[in-house]
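Okay, structure first, notes after.
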Amino acid sequence: MTCSEAIAAYGLRAVGIGERLLPSGEISLCQQVVLIGSGLVWNLYFAIVALVLGFFFATVLALAKASPNVLFRRPAAIFIYLFRGTPLFIQFFFAYELFVMIPRTGFELDLGLVTVGAQTGWITKAWLGALIVLFLNTSAYTAEIFNGALRAVPRGDVEAAMAVGMSPRQRFRRVVWPTMLRLAWPAYTNEAIFLFHATTLVFFSSFPTWRQEGDALYYANYFAEKTFNPFVAYPIAAGYFVLATLVLILAFGWVNRRLNRHLAPAQRARIRLRPQFIR
């Protein structure tokens, strides 16, 4: 099989398009590069969806933790502590066991005039079950980042907004929220990088792939077992992650410059890649 044929057959296999059977026998380098690259789509899916949903949920958690009302502050603090205090892999394990206990046949809710039904078997699949775990995990870490930035908002800025007659909603939308994001963005960029790398744990979790369409590590492990040479497939996967991380840093750096465009160049916080060896 030529390289162009491998691209046509396996380029979109991870999303169900193309050849269904994985290559066997003599496996070429091009086939490994193409299939591992196709699997990266799932890693990007997990990271992007979890980050987008987690961003908004983390904002709610940060506000709740900073609230003077104990009914909001205590549950938010417990949630954040629980997910920050336990390893992500154990969270995958417990979530899968919990989701398995839910009846796979689904359930029906009788609302009188209409009966609403929902299927629950899909929640044990990686595309949703693992996504829920990643979403909750990044929400907890991001909420702690946002909460720290929220407390660091200069009091003078808030008082100035009050002096010109802004309502509490206007103060939050025009002063507190932008300042919080500006202060939190460099740390949030590191969280986004970590989450993207953490998507590789989905392969080791109990959540099965959907229709054998796995992520980058799924195909890297397959080729390592078939060729008995892990020093080709895994470096290819690592190379894809390095390139994707570079794109992520550039994208978050652009947002950071937009958030700080009103500041003098010497006062603008710069985003630097600092690997997190301990979390």
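The values are calculated or read from the model by the stated rules, or taken from the named source; none is laboratory data. Here the structure is a predicted model, which is why all the values come from computation and not from measurement. Because the Cβ atoms are built from the backbone with ideal geometry, glycine has one as well, and the counts that use them run over all protein chains shown. Heads up: the accessible areas ignore ligands, DNA and RNA and are worked out on the full protein's heavy atoms, side chains in. Shrake-Rupley method; radii C 1.70, N 1.55, O 1.52, S 1.80 Å.
Taking helices (runs of 4 or more DSSP H) that do not extend beyond segment 1-88, which have at least 3 residues that are in contact (Cβ under 8 Å) with a residue 60 or more places away in the chain, open to solvent by less than 20 Å² (accessible area, probe 1.4 Å) and among the aliphatic types (A, V, I, L, M)? Before the answer, list the steps.
Values: elements: 3-10, 29-65, 70-85.
Qualifying helices (runs of 4 or more DSSP H): 29-65.
The rows are residues; the columns are (1) closer than 21 Å to Phe92 by Cβ; (2) more than 17 Å from the chain's Cα centre (by Cα).
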residue	(1), (2)
Ser205	yes, no
Thr209	yes, yes
Gly214	yes, no
Phe228	no, yes
Ile236	no, yes
Val242	no, no
Leu246	no, no
Arg257	no, yes
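Which residues, counting only those in segment 239-253, are surrounded by 14 or more Cβ atoms within 10 Å (Cβ to Cβ) and small (Gly, Ala, Ser)?
Within segment 239-253, the first condition is being surrounded by 14 or more Cβ atoms within 10 Å (Cβ to Cβ), and the residues that meet it are 240-241, 244-245, 248-249, 252-253.
Within segment 239-253, Ala244, Gly253 meet the criteria.
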Subject >> Complete set of residues in segment 203-218 that are open to solvent by less than 10 Å² (accessible area, probe 1.4 Å) and either out of contact with any helix residue (DSSP H, G or I) (no Cβ under 8 Å at 6 or more places or on another chain) or in a helix (DSSP H, G or I) (or both) >> reply: Ala216
Original post:
Which fully enclosed helices (runs of 4 or more DSSP H) of segment 121-185 have 3 or more residues being among the aromatic types (Phe, Trp, Tyr)?
Top reply: 131-151
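Would you call Phe196 open to solvent by less than 20 Å² (accessible area, probe 1.4 Å), of a type outside the set (Gly, Ala, Ser) and at pLDDT 95 or above? Reasoning before the result, please.
Numbers: open to solvent by less than 20 Å² (accessible area, probe 1.4 Å): yes; of a type outside the set (Gly, Ala, Ser): yes; at pLDDT 95 or above: yes.
Taking the combined requirement at face value, the residue satisfies it.
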Original post:
Which of the residues belonging to segment 160-176 are open to solvent by 50 Å² or more (accessible area, probe 1.4 Å) and either among the small types (Gly, Ala, Ser) or touching a Ser or Thr at 6+ places or on another chain (Cβ under 8 Å) (or both)?
Top reply: Ala160, Ala163, Gly165
**OP:** Kindly establish whether Arg274 is loosely packed, with under 14 Cβ neighbours inside 10 Å, modelled with pLDDT of 85 or more and closer than 25 Å to Arg151 by Cβ.
**Re:** no
Subject >> Every residue from segment 89-101 that is open to solvent by 30 Å² or more (accessible area, probe 1.4 Å) and not aromatic (Phe, Trp, Tyr) >> reply: Ile90, Glu97, Leu98, Val100, Met101
